[in-house]
1. Is there a residue in region 48-67 that is modelled with pLDDT of 95 or more, open to solvent by 30 Å² or more (accessible area, probe 1.4 Å) and closer than 26 Å to Ala7 by Cβ?
2. Could you grab me the full set of residues in region 1-44 that are aromatic (Phe, Trp, Tyr) and open to solvent by 80 Å² or more (accessible area, probe 1.4 Å)?
3. Looking only at region 30-56, count how many residues are under 22 Å from Ser122 (Cβ atoms) and assigned to a helix (DSSP H, G or I).
4. Where residues in region 97-117 are aromatic (Phe, Trp, Tyr) and open to solvent by less than 30 Å² (accessible area, probe 1.4 Å), which of them is nearest to Ser134 (Cα to Cα)?
5. Any residue in region 28-41 that is farther than 17 Å from Ser70 by Cβ sitting within a Cβ distance under 8 Å of a residue that is open to solvent by 70 Å² or more (accessible area, probe 1.4 Å) and outside any loop (DSSP other than H, G, I, E, B)? List the pairs, counting only those 6 or more apart or interchain.
6. Could you please tell me which pairs satisfy a Cβ distance under 7 Å, a separation of 6+ or placement on different chains, a first residue in region 71-85 that is surrounded by 15 or more Cβ atoms within 10 Å (Cβ to Cβ), and a second residue that is among the polar types (S, T, N, Q) and not in a helix (DSSP H, G or I)?
Amino acid sequence: SRKAQTAWQLFQLNKDTASLAAVYAPLSRYLNWRWKYPYWIYYTQPDTTQKDAEFVFSALVDLAYMREISRIVMNEDSATAWEQKRINFYEMAKPWFWATPAAKPAQYYNSVTHVRSQGNVSWVTTGFYTDLLS
């Protein structure tokens, strides 16, 4: 679910700044929604307590592309704000999915019960794409 990445890739192919600008507001709304509900909610009601590592990791990737989109259609201040949001989201997510820095990450986390579940290892490994991961 990498919508900003898709918009960026299309822009790289066609250099259509007007189209990129046209999707900026919807992408902003989507990424802000995703920040609030960081898990796959197909057939469920949104719940701020549920966290899904793959969904969060893809959001981190999307936030980096949104930073780049912002540089083109907005300004450097806006790009900086998206980068700060990305860093903040990463810092919030670390304790969700890692019990300790050396632990293997879990896919699911509930912020009320603090229960982590392993989920699918293949989906969790998409987090290795995140350049913020230390």
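The values are calculated or read from the model by the stated rules, or taken from the named source; none is laboratory data. The model shown is predicted, which means the values in this text are computed figures rather than measured ones. Note that we place each Cβ from the backbone using ideal geometry, even for glycine, and neighbour counts take in every protein chain shown. Each accessible area value is taken on the protein alone, full model and side chains, heavy atoms only, with ligands, DNA and RNA left out. Shrake-Rupley method; radii C 1.70, N 1.55, O 1.52, S 1.80 Å.
1. Looking for residues that are modelled with pLDDT of 95 or more, open to solvent by 30 Å² or more (accessible area, probe 1.4 Å) and closer than 26 Å to Ala7 by Cβ, one finds at least one in region 48-67, hence yes.
2. Correct list: Trp33, Trp40, Tyr42, Tyr43.
3. 5
4. Restricting to residues being aromatic (Phe, Trp, Tyr) and open to solvent by less than 30 Å² (accessible area, probe 1.4 Å), the top hit is Phe97.
5. Tyr39/Tyr108
6. Final answer for the pair search is none.
To keep it simple, each residue is scored yes or no on (1) closer than 27 Å to Gln12 by Cα; (2) in contact with a helix residue (DSSP H, G or I) (Cβ under 7 Å, 6 or more places away or on another chain); (3) of a type in the set (S, T, N, Q); (4) assigned to a helix (DSSP H, G or I).
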{"position": "Ile72", "(1), (2), (3), (4)": "yes, yes, no, yes"}
{"position": "Lys85", "(1), (2), (3), (4)": "yes, yes, no, yes"}
{"position": "Phe89", "(1), (2), (3), (4)": "yes, yes, no, yes"}
{"position": "Thr100", "(1), (2), (3), (4)": "no, no, yes, no"}
{"position": "Ala106", "(1), (2), (3), (4)": "no, yes, no, no"}
{"position": "Tyr109", "(1), (2), (3), (4)": "no, yes, no, no"}
{"position": "Thr126", "(1), (2), (3), (4)": "yes, yes, yes, yes"}
